[in-house]
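Heads up, the thing below is written out as structure tokens.
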Amino acid sequence: MQVGTKHVLSRLTLATWLICAGASAIAAAPQAAITASPATPGYGDRADVDHLDQYGFTEREFIISGLARKFKGVGTLGSDGKWAASVVSSNTPYNTMMIVRSPSDPAKFNGIVIVEWLNVSTGYPLDVDWGMAHEAILREGYAYVGVNVQKVGIQGVQKLTAYGDRYAAGSIPSDDISYDILSQTAQALRDQNDLILGGLRPHKLIASGHSQSAMRMMTYANAIQPLDKVFDGILIHGRLNSGAKMASSDNMPSLAAVRSDTNVPVFLIQSEMDVAVAGGTSRQIDTDRIRHWEVAGSAHADQYLLDSIGSVSGREVGWTPPECGSPYNAMPFYMAQIAAYDHLKNWMLNGKVPPVAPRMQRDWLGSVKKDANGNAVGGLRLPEIDVPIAKYGHANFTTGSLAFLDLFACVAGGNTNYFSATKLKSLYPTHADYVSKYKAAADAALAKGYIRPADYLQALKRAQAAPVPQ
């Protein structure tokens, strides 16, 4: 496959592509070269943990390479997110890795590909959104692509001696080309799906990213997606107040929204910790193309996510979640994120707009308001917050190691302070009383569209098994 600055399609080829791929616009992204990695397990291998084959999934690793564009902002990059960008160069070579997990049987593929901007905050590419949503991806037949688009990520995997020279050719000179690598990944999924997806035909592509990646996804949604038009929907998970720079000369606003004239649906989903730290994000306005959810009682990186990262993505660096001053946050944020992906799917396919969720309530100081149990008031309510057995918060600390990964896990992991046996007895005199109240809250969350039916059933099983009251 020839690598160039722009891939030009004839009208006939374009018409065929539109029918097969369900694309909504001509992409401006250059064409990338895709090469299958050796069959031996690589950095992203998860098959021995999630038993992908039991779900009829295959896992492959590919090298994506080519010549990437650099962008810079044009004019004022304002708080409304209506950012203009221009290409300043088109010939920066790159070579990086991507992980592909997809149904083996085309009949089980739901036509949606989730493309995750892998998070590199720890120095290694982590598949955070896979960790949060993998149960739904596997049971509902999504395809998943995790692509490393940042310099520190490729440097991180090159340090891992377990893989020898597998990633020796990897190179991302600077993060200025990260936005174009993401666009080229999407374009390759449409044009080279026989190779990447084993012949599956993608109907819609979702771009997804968490935390640092969410900041860069904000910039992508506001400045690059309007130019390239290669994604059909965007999910931004755990953002801060603004976006990341395209070029070092960009002057980013301290607070920014998703542009109101976005050409694709954009779903923003925030933990309580996110909106407590970056309160300006709550000013995002819901529209028929933008939805913003704030999940009460949740943390930036909770127990569920840290267990996922520690068991798989952390094993190559010998890391497991450390002991912290309090247990990690146990609010099942993942259920709301799974629901968000499902709503985004339906939004893209048939224009069904997701439900609106209440925002966090604030006290006179602007902090998240708390109830008598110390839990958040307002926000999207999962049954655990309305029928609590603990105080769910986002203040934690390490009790031992000061290594960066350990500090990050304890701070971002939040906390769960379980109620005493006496308090549980006062709230729920019998186990049947607790289960009945929990079920009523779960019924409400299901009816509002905040959780999916499969997760609702799992939640009821957890409540039945919980030793409440003690």
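Ala107 meets each of the listed conditions (1) touching a strand residue (DSSP E or B) at 6+ places or on another chain (Cβ under 8 Å); (2) of a type outside the set (D, E, K, R); (3) surrounded by fewer than 14 Cβ atoms within 10 Å (Cβ to Cβ) apart from (1).
For the range 383-420, the set of residues classified as over 28 Å from Leu457 (Cβ atoms), among the aliphatic types (A, V, I, L, M) and in contact (Cβ under 8 Å) with a residue 12 or more places away in the chain consists of Ala395, Leu405, Ala409, Val411, Ala412, listed by residue number.
Here are some residues: Met215, Met246, Met252. Which one is assigned to a helix (DSSP H, G or I) and in contact with a Lys or Arg (Cβ under 8 Å, 6 or more places away or on another chain)?
Numbers: Met246 fails: assigned to a helix (DSSP H, G or I); Met252 fails: assigned to a helix (DSSP H, G or I).
When all the criteria are applied, what remains is Met215.
Identify, by number, the condition in (1) of a type outside the set (A, V, I, L, M); (2) at pLDDT 95 or above; (3) surrounded by 21 or more Cβ atoms within 10 Å (Cβ to Cβ); (4) out of contact with any Gly (no Cβ under 8 Å at 6 or more places or on another chain) that Tyr43 doesn't meet. For Tyr43, the failing item is (2). Screening the range 43-145 for strands (runs of 3 or more DSSP E) wholly inside it with 2 or more residues that are charged (D, E, K, R) returns the ranges 57-74. Taking the range 328-359 as the range and being in contact with a helix residue (DSSP H, G or I) (Cβ under 8 Å, 6 or more places away or on another chain) and not in a loop (DSSP other than H, G, I, E, B) as the test, the residues that pass are Phe333, Tyr334, Met335, Gln337, Ile338, Ala339, Tyr341, Asp342. Pairing each residue of the range 143-169 that is in contact (Cβ under 8 Å) with a residue 40 or more places away in the chain and among the small types (Gly, Ala, Ser) with any residue that is surrounded by 24 or more Cβ atoms within 10 Å (Cβ to Cβ) and in a helix (DSSP H, G or I), provided the two are 6+ apart or on different chains, yields C-beta distances under 7 Å for Gly146/Trp130. On the given criteria, is Arg216 surrounded by fewer than 24 Cβ atoms within 10 Å (Cβ to Cβ), among the basic types (Lys, Arg) and in contact (Cβ under 8 Å) with a residue 60 or more places away in the chain? For Arg216, the condition - surrounded by fewer than 24 Cβ atoms within 10 Å (Cβ to Cβ), among the basic types (Lys, Arg) and in contact (Cβ under 8 Å) with a residue 60 or more places away in the chain - is not met.
Does Ile236 meet the test of being over 25 Å from Cys324 (Cβ atoms), in contact with a strand residue (DSSP E or B) (Cβ under 6 Å, 6 or more places away or on another chain) and surrounded by 21 or more Cβ atoms within 10 Å (Cβ to Cβ)? Spelling it out, Ile236 is indeed over 25 Å from Cys324 (Cβ atoms), in contact with a strand residue (DSSP E or B) (Cβ under 6 Å, 6 or more places away or on another chain) and surrounded by 21 or more Cβ atoms within 10 Å (Cβ to Cβ).
Looking at the range 25-40, which of the residues that are among the hydroxyl-bearing types (Ser, Thr, Tyr) and under 19 Å from Gln192 (Cβ atoms) is modelled with the lowest pLDDT? Checked the range 25-40; the qualifying residue modelled with the lowest pLDDT is Ser37.
Restricting attention to the range 358-370, the residues that are in contact with a Gly (Cβ under 7 Å, 6 or more places away or on another chain) and among the aliphatic types (A, V, I, L, M) add up to 1. Residues in the range 353-378 that are under 29 Å from Gln470 (Cα atoms) and under 26 Å from the mean Cα position of the chain (by Cα): Asn375, Ala376, Val377, Gly378. Hey, does the range 87-103 have a residue that's modelled with pLDDT under 95, surrounded by fewer than 24 Cβ atoms within 10 Å (Cβ to Cβ) and more than 27 Å from Pro30 (Cα to Cα)? So far as the range 87-103 goes, no, none of its residues is modelled with pLDDT under 95, surrounded by fewer than 24 Cβ atoms within 10 Å (Cβ to Cβ) and more than 27 Å from Pro30 (Cα to Cα). For the range 331-347, the condition of being of a type in the set (Gly, Ala, Ser) and farther than 28 Å from Phe408 by Cβ holds for none of the residues.
The values are calculated or read from the model by the stated rules, or taken from the named source; none is laboratory data. The model shown is predicted, which means the values in this text are computed figures rather than measured ones. For neighbour counting, all protein chains shown are included, and Cβ atoms are generated from backbone atoms with ideal geometry for every residue, glycine included.
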